[in-house]
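Each remark here refers to the structure printed beneath this line.
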Amino acid sequence: MTVIEKAFAFFGLAHEPPVWPPDRLSLALQGGGSFGAFTWGVLDRLLEEPDISFDAISGASAGAVNAVLMVSGMIEGGRDGARARLSQFWGRIGGSSAFLPTSALLGAGLELVVRTMSPYQFNPFNVNPLREALAAEVDFERLRARSPIKLLLAATRVRDGKLRIFTNEEVTIEAVLASACLPLLHHAIELDGESYWDGGYAANPPLVPLVRASDAAQILIVQVTPSTIERMPASAREIARRIEQIQFNATLNSELEALKVGKMVGVTEKLRRLRIGRISAGEEFEGLADESAGNVGREFLERLHEGGRAAADLWLKRGLPAAAGSRD
């Protein structure tokens, strides 16, 4: 088996040639602040494919936000409704501070505040623009009652650092805010007597839980946090940014390794035949590793959106030859 064939085998492209584009797809949406606009672009393009149905979506932070926006839009207006809902939300976010990772504050005159004061001190009234944006865009009661797609949204339990997955009947505005709660900027979200922080610390995005829940033979990971950088970070801002990137990719890498081992030993037939694809914003959007995930400028978000659309279009076009060319 060649190196390329082994790589395809790792991602599950190792048995009969799959139908392409896949007729049923599950999505794993990574969080990463404003880089989630890249995922918006990916979803925007996928929703243009009428023959692709969606089985399950897992997400953390911005990935969880994109997931509920997409499903809410589909409930109310089908695929076009989902595309419109995503576009409207990200248009609302442009220029706001709804997604503002800690490293985005460095060099902006607020580092001392963040490092020496808690959000309970500098934001005593817990002002959170994301709450207002979600409340304006998503009918959560309707989402819980009518979602045609399985949802798995990640949050990190503060008490023990363990992963909490919110499924369809548990998806509230508080659950999404918990998934996107950066602890240095926002008050912890209280749910069922527990406190929660950003889901990216425990699973970014939840992959193994998605594999368990999904009935689709194909899973697509949308990774928005850059994996690699071109040069050694030197400034405080660059170092903090790189630390965040490593942290928010670590759980994804661990879950991929676990699935790789499971496929190698043939734990289950479902896992052995599962195909996993990945679209990486860092590979498709030049210079992303040097950008701030707190940049919510409209022009930047639009460029990310267009990059996501282009990357999804390429994935759809190149998927069949790659799948057909691999065998055990």
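The values are calculated or read from the model by the stated rules, or taken from the named source; none is laboratory data. From a predicted model like this one, the values you see are computed outputs, not experimental measurements. In this analysis, Cβ positions are derived from the backbone assuming ideal geometry, glycine residues included, and neighbour counts consider all displayed protein chains. For accessibility, only protein heavy atoms count, side chains too; no ligands or nucleic acids. Shrake-Rupley method; radii C 1.70, N 1.55, O 1.52, S 1.80 Å.
Figures for the structure shown
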read-out	value
The range 51-98: number of residues that are in a loop (DSSP other than H, G, I, E, B) and within 21 Å of Asn128 (Cβ to Cβ)	6
Criterion (crowded, with 20+ Cβ neighbours inside 10 Å and not polar (S, T, N, Q)) met by exactly one of Ile243, Ile239, Ile219, Ile229	Ile219
Among (1) over 18 Å from the mean Cα position of the chain (by Cα); (2) modelled with pLDDT of 85 or more; (3) among the charged types (D, E, K, R); (4) open to solvent by 30 Å² or more (accessible area, probe 1.4 Å) - the single one Lys270 does not satisfy	(2)
Arg278 in contact with a Phe, Trp or Tyr (Cβ under 9 Å, 6 or more places away or on another chain), within 25 Å of Ser179 (Cβ to Cβ) and open to solvent by 30 Å² or more (accessible area, probe 1.4 Å)	yes
Among residues of the range 190-200, those that are in contact with a Leu (Cβ under 9 Å, 6 or more places away or on another chain) and open to solvent by 30 Å² or more (accessible area, probe 1.4 Å), counted	1
